[in-house]
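The values are calculated or read from the model by the stated rules, or taken from the named source; none is laboratory data. These figures come from a predicted structure and were not determined experimentally. With ideal geometry, Cβ positions are generated from the backbone for all residues, glycine too; neighbour counts draw on all protein chains shown. For accessibility, only protein heavy atoms count, side chains too; no ligands or nucleic acids. Shrake-Rupley method; radii C 1.70, N 1.55, O 1.52, S 1.80 Å.
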Amino acid sequence: MKRLVSFGLSVLMAAALAACGSQQSNGSSQGQGAGASQELNLKVSITVSEKDTWGVAVKKWMEDVEQKSNGRIKMKMYANESLSNGNQPKGLEAVQNGSTDISLHSTIIYNVLDPKFAAPSLPWLIPSYEQADKAMNGEAGQKLMELVRSKGIEPLAFGESGYRQITNSKRPILTPEDLNGLKIRTPSMEAMVATYKEFGGDPTVMNFSEVFTSLQQGVIDGQENPLPIILNSKLYEVQKYLTVWNYMYDPIVFGVNKKLYDSLDADTQKLLRETAQEAAKYQIELNRKENEEVLAQLKEKGMEVVELTPEQIKAFQEKVQPVIDKYEGIIGKDLLDAFRK
């Protein structure tokens, strides 16, 4: 009997030690972050179509992630803001609250979270791609990433929608006076609305998903967007005049819900960040390469194109200086100076 009791106690002690060891192993795994061997299915939302450089880059990103994770991580793209019924601010909110895992959104849309996001897109603040690259890859980009992170979204990389141009159905735009009275659709960025008011225009905030129909029905006279979006959204069918004036630089944030990102192990975080940066670099190269080709195609589609000279642009810059002065106080001189360098 004593031998049986002793044997039973030994078995119980061994089982207890094994359980303790198992708990320590699980605890160690949690300490490194969840997801080291976890399968992930991630929803990725973009504002524009799959044909745009955003969509092409996300497709590359998806393929790279699935391959490098040996199929453990799968991503699915939802184009045209389909997860938020075309509402861009709501699409961004969905990434904040985690109902969407990842998104590509312009910093212009991030402006609904904080007016400081207007910094890179104030009119003619960043006049060239060379300056844009220095800013986004330097101190200014780091400050912008910190701002994104503070809103519950982890920024993995910056792409670019590019320089925004203006179209309308009424007349060529060569001077600020040509904008007088035109109803121009803008995203929900107050600095952009203020810009068009300075020009004497009638800015109308509207979701991009409503733009084509509104132009077709004459609810608005014009809109502004980078050239690839103007082409791929077929805006040439409802717009006659295009002015190339490079008035706003438009970065894109490759952003993931921060709680989700923080829950992942270090290797998975590194994989997502590195592949996002590769995809963003590819997207920027593709975007810039396409611009001249897209402009030629828009001319072939029948659009009357005006490319403003530096002297013509100067008149617009002088007219809009009050907007720069106002937003320097709102955004902060330090942040704006980081983009001006």
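The number of residues in segment 43-62 that are open to solvent by 20 Å² or more (accessible area, probe 1.4 Å) and either part of a helix (DSSP H, G or I) or closer than 17 Å to residue 227 by Cα (or both) comes to 7. A search for C-beta distances below 9 Å between a residue of segment 85-104 that is on the phi > 0 side of the Ramachandran plot and any residue that is of a type in the set (A, V, I, L, M, F, W, C) and surrounded by fewer than 24 Cβ atoms within 10 Å (Cβ to Cβ), counting only pairs 6+ apart in sequence or on different chains, returns 86/208; 98/260.
Condition check: under 23 Å from the mean Cα position of the chain (by Cα) and open to solvent by 30 Å² or more (accessible area, probe 1.4 Å). Does residue 307 satisfy that?
Working: under 23 Å from the mean Cα position of the chain (by Cα): no; open to solvent by 30 Å² or more (accessible area, probe 1.4 Å): yes.
So residue 307 fails the test.
Among the residues of segment 63-91, those that are closer than 25 Å to residue 270 by Cβ, part of a helix (DSSP H, G or I) and open to solvent by less than 60 Å² (accessible area, probe 1.4 Å) comprise 64, 65.
If the condition is being crowded, with 17+ Cβ neighbours inside 10 Å and in contact with an Asp or Glu (Cβ under 7 Å, 6 or more places away or on another chain), then segment 171-183 contributes 182, 183. Among the residues making up segment 289-322, those that are within 18 Å of residue 237 (Cα to Cα) and part of a loop (DSSP other than H, G, I, E, B) are 301, 302, 303.
Checking every residue in segment 110-124 against the condition of being under 18 Å from residue 283 (Cβ atoms), at pLDDT 95 or above and either open to solvent by 10 Å² or more (accessible area, probe 1.4 Å) or out of contact with any Asp or Glu (no Cβ under 9 Å at 6 or more places or on another chain) (or both) gives at least one match.
Yes or no, residue by residue, for (1) within 22 Å of residue 46 (Cα to Cα); (2) among the hydrophobic types (A, V, I, L, M, F, W, C); (3) at pLDDT 95 or above:
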| residue | (1), (2), (3) |
| --- | --- |
| 168 | no, no, yes |
| 172 | no, no, yes |
| 182 | no, yes, yes |
| 199 | no, yes, yes |
| 203 | no, no, yes |
| 212 | yes, yes, yes |
| 215 | no, yes, yes |
| 227 | yes, yes, yes |
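Filter segment 261-293 for residues that are surrounded by 19 or more Cβ atoms within 10 Å (Cβ to Cβ) and out of contact with any strand residue (DSSP E or B) (no Cβ under 8 Å at 6 or more places or on another chain); which is nearest to residue 225 (Cα to Cα)? Lay out the reasoning, then the answer.
First, the residues of segment 261-293 that are surrounded by 19 or more Cβ atoms within 10 Å (Cβ to Cβ): 261, 264, 268, 272, 275-276, 279-280, 283-284, 287, 290.
With the extra rule that they be out of contact with any strand residue (DSSP E or B) (no Cβ under 8 Å at 6 or more places or on another chain), the set shrinks to 275, 290.
Values: 275: 27, 290: 15 Å.
Applying the filter and picking the extreme gives 290.
Taking each residue of segment 310-322 that is under 18 Å from residue 128 (Cα atoms) and charged (D, E, K, R) and looking for partners that are at pLDDT below 95 and surrounded by 16 or more Cβ atoms within 10 Å (Cβ to Cβ) with beta-carbon atoms closer than 9 Å, six or more apart or interchain, yields nothing. Residues that are in a strand (DSSP E or B), of a type in the set (A, V, I, L, M, F, W, C) and farther than 30 Å from residue 166 by Cα within segment 247-284 comprise 256, 264, listed in sequence order. Within segment 184-227, the set of residues being open to solvent by 50 Å² or more (accessible area, probe 1.4 Å), more than 17 Å from residue 109 (Cα to Cα) and part of a helix (DSSP H, G or I) comprises 197, 198, 212, 213, 216, 217.
Reported count of residues in segment 96-105, each being closer than 16 Å to residue 41 by Cβ, open to solvent by less than 10 Å² (accessible area, probe 1.4 Å) and not hydroxyl-bearing (Ser, Thr, Tyr), is 1. Go through the residues of segment 156-165 one by one and say whether even a single one is modelled with pLDDT under 95, surrounded by fewer than 24 Cβ atoms within 10 Å (Cβ to Cβ) and outside any helix (DSSP H, G or I). Checked against the condition, which is being modelled with pLDDT under 95, surrounded by fewer than 24 Cβ atoms within 10 Å (Cβ to Cβ) and outside any helix (DSSP H, G or I), segment 156-165 yields no hits at all. Pairs meeting the criteria (first residue in segment 193-221 and free of Cβ contacts under 8 Å to residues at least 24 places away in the same chain, second residue among the hydrophobic types (A, V, I, L, M, F, W, C), beta carbons under 6 Å, at least 6 apart or on different chains) are 196/184; 201/179; 201/182; 201/184; 203/184; 203/193; 204/220; 216/238.
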